[in-house]
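A short write-up of the structure that comes next.
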Amino acid sequence: MGARVKAYDPIAIDACRAGYPNLKIYYCGSPEETAEESDALVLVTEWKQFACLDLAAMARSMTHAILVDGRNLFEPEAARRAGFDYTGIGRPRPNSARETVPANP
């Protein structure tokens, strides 16, 4: 569908390259390189080094600063203050409509 995928993982990147040689992925050497000129970041692992990233610098280096946090590693407000349109998987979005279901209809 035209997406260009960049990936970084400090542990599994070599195994991914070897196990899936036909994937059209650009493998990056750092999280910062992965963010450069990207439209979105999707975090699917929670290595400790990711918790101390300079989110503001990463957001500034992106074309569109979108962060989908699949591990809820980041505090939502801190990520938003850093400039990201942040979504934590399983977390409600700010100002989202919440359905209420009566306990005894």
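Bear in mind that the values in this text are calculations on the coordinates, not laboratory data. Remember, predicted model here, so these are calculated numbers, not experimental data. Glycine also receives a Cβ, built like all others from the backbone with ideal geometry; neighbour counts cover every protein chain displayed.
Starting from the Cα gyration tensor of the range 24-65, take the square roots of the eigenvalues, sort them a ≥ b ≥ c, and report rounded, prolate or oblate (rounded when a/c is under 1.5, otherwise prolate if a/b is larger than b/c, else oblate). Oblate. Across the chain, the mean sequence separation of Cα contacts (distance under 8 Å, 6 or more residues apart), normalised by length, yields a relative contact order of 20 percent. A simple spin-label model places the labels of ALA57 and ASN22 3.9 nm from each other, with each point 7 Å out along Cα-to-Cβ. Under 5 Å from the amide H of GLY88 lie the amide H atoms of ASP69, each residue being 5 or more positions distant or on a separate chain, with H modelled from the backbone and absent for Pro and chain starts.
Peptides 69-81, 14-26, 45-57 ranked from most to least packed give 69-81, 45-57, 14-26, packing being the mean of other C-beta atoms within 10 angstrom over each peptide's residues. Here the Karplus curve 6.51 cos²θ - 1.76 cosθ + 1.60, taken at θ = phi - 60°, turns the phi angles of the range 19-26 into couplings of x, 9, x, 8, 5, 8, 10, 8 Hz, with x standing for Gly and Pro.
Pairwise inverse Cα distances across the chain, averaged and inverted, put the Kirkwood hydrodynamic radius at 15.3 Å.
Under the simplified labelling scheme, the GLU77-HIS64 pair shows an inter-label distance of 2.7 nm, with each label point 7 Å from Cα along Cα→Cβ.
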